[in-house]
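Written below as structure tokens is the structure these notes are about.
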Amino acid sequence: MKLNIQAIQMADSIRIADFKKQCNAELIKADSDELFYQLGDYAFLYVFRYGVVCFCNANSRQIEKYKKLIQTSSAQTLVPDQQVRDSLVVNNGTDYHSDFDNVSLNVNNTNEIQLTMLHLSQSVALDYFSQLAGTLLEDTRLHTNKLEQEGKLAISGKRLKKFIGKVLNIKNKISEHLYIFDAPDQVWDDEQLQKVHKNLTTTYDLKDRYRTLEMQLDIVKENLELFKDIMFHKESSKLEWIIIILILVEVVDMFVLKMMG
């Protein structure tokens, strides 16, 4: 038996409570961050607050139905070109084994299927956030190149503040949503699940990718701190010149009044 799993980053975030109210499938697990449903024999749906929806063995009708529910439960869904997705095939086996986009595990164990869907979804979310971080790095590089070539920043104070806010928001989203280093609760009480969890984390290289992503955002943040200091110095110099000019105007005014007196 083979199971087909696909995960899609459909939105920046999904309102879990709203989706739960609208979905009438059999709910297996629910908390404030995720919902796990059974749609049929070996068919499952996993919905995550960080915007990813994952299907296991769902048919095209079910996929379209729940995609529409996601759209009504999200502030804004991503356009298809922005949606990041990945898929894999799960083969039935007595022990975990991975080979590129194929894994073997016990398909009769719902917890093992759930773990696989969780890790694939986290991998897709990391790809999505990595794309955002890459865009921020490229934007930052444009400003550093301008600084190197012309010795000045081509960005206003307001635009810089908005850029800093964008970076901080992405960092906060990653910290808030991607609990990669924490094993799911059911893993702690089952040796086999611990093994599957460890192997899946290695297969998708989640920890290293997470650290790389954080490093990219730290680089952007360091550059923005430098930009902010340069901007502050520029504004301070401007203020100093304004004060100097005002003092000169006052001196000239006093001199003219003396001459006229």
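The values are calculated or read from the model by the stated rules, or taken from the named source; none is laboratory data. Not measured: the values here are computed from a predicted model. Here the Cβ is made from the backbone with ideal geometry for all residues, glycine too, and neighbour counts use every protein chain on show.
Looking at the range 109-146, which of its residues are more than 23 Å from the chain's Cα centre (by Cα) and either surrounded by fewer than 16 Cβ atoms within 10 Å (Cβ to Cβ) or at pLDDT 85 or above (or both)?
Asn109, Thr110, Asn111, Glu112, Ile113, Thr144, Asn145, Lys146
Filter the range 86-108 down to the residues that are of a type outside the set (Gly, Ala, Ser), loosely packed, with under 14 Cβ neighbours inside 10 Å and in a loop (DSSP other than H, G, I, E, B), then identify the one that is modelled with the highest pLDDT.
Ranking the qualifying residues of the range 86-108, first place goes to Asn108.
Could you please tell me which pairs satisfy a Cβ distance under 6 Å, a separation of 6+ or placement on different chains, a first residue in the range 194-220 that is within 17 Å of Asn102 (Cβ to Cβ), and a second residue that is part of a helix (DSSP H, G or I) and at pLDDT 85 or above?
That search, which allows pairs on different chains as well, returns Val196/Glu112; Val196/Leu115; Leu200/His119; Tyr204/His119; Tyr204/Ser123.
Mind telling me which of the residues Glu225, Glu250 ends up being charged (D, E, K, R), modelled with pLDDT of 70 or more, assigned to a helix (DSSP H, G or I) and more than 30 Å from Asn111 (Cα to Cα)?
Glu225
Can you go through Leu168, Leu193 and tell me which one is part of a helix (DSSP H, G or I), at pLDDT 75 or above and within 12 Å of the chain's Cα centre (by Cα)?
Matching residue, one of Leu168, Leu193: Leu168.
From the list Met215, Met259, pick out the single residue that is loosely packed, with under 13 Cβ neighbours inside 10 Å, modelled with pLDDT under 75 and more than 20 Å from Val52 (Cβ to Cβ).
Sole residue among the options that is loosely packed, with under 13 Cβ neighbours inside 10 Å, modelled with pLDDT under 75 and more than 20 Å from Val52 (Cβ to Cβ): Met259.
Select from the range 20-48 the residues that are crowded, with 20+ Cβ neighbours inside 10 Å and outside any strand (DSSP E or B) and list them in ascending order.
Once the filter is applied, which keeps residues that are crowded, with 20+ Cβ neighbours inside 10 Å and outside any strand (DSSP E or B), the range 20-48 yields nothing.
Could you give every pair whose Cβ atoms fall below 7 Å, whose first residue belongs to the range 22-47 and is outside the structural domain of Gln9 (by TED's automatic domain parsing) and touching a residue at least 60 places away in the same chain (Cβ under 8 Å), and whose second residue is small (Gly, Ala, Ser) and loosely packed, with under 13 Cβ neighbours inside 10 Å, counting only separations of at least 6 or pairs across chains?
Between residues of the range 22-47 that are outside the structural domain of Gln9 (by TED's automatic domain parsing) and touching a residue at least 60 places away in the same chain (Cβ under 8 Å) and residues that are small (Gly, Ala, Ser) and loosely packed, with under 13 Cβ neighbours inside 10 Å, there is no close pair.
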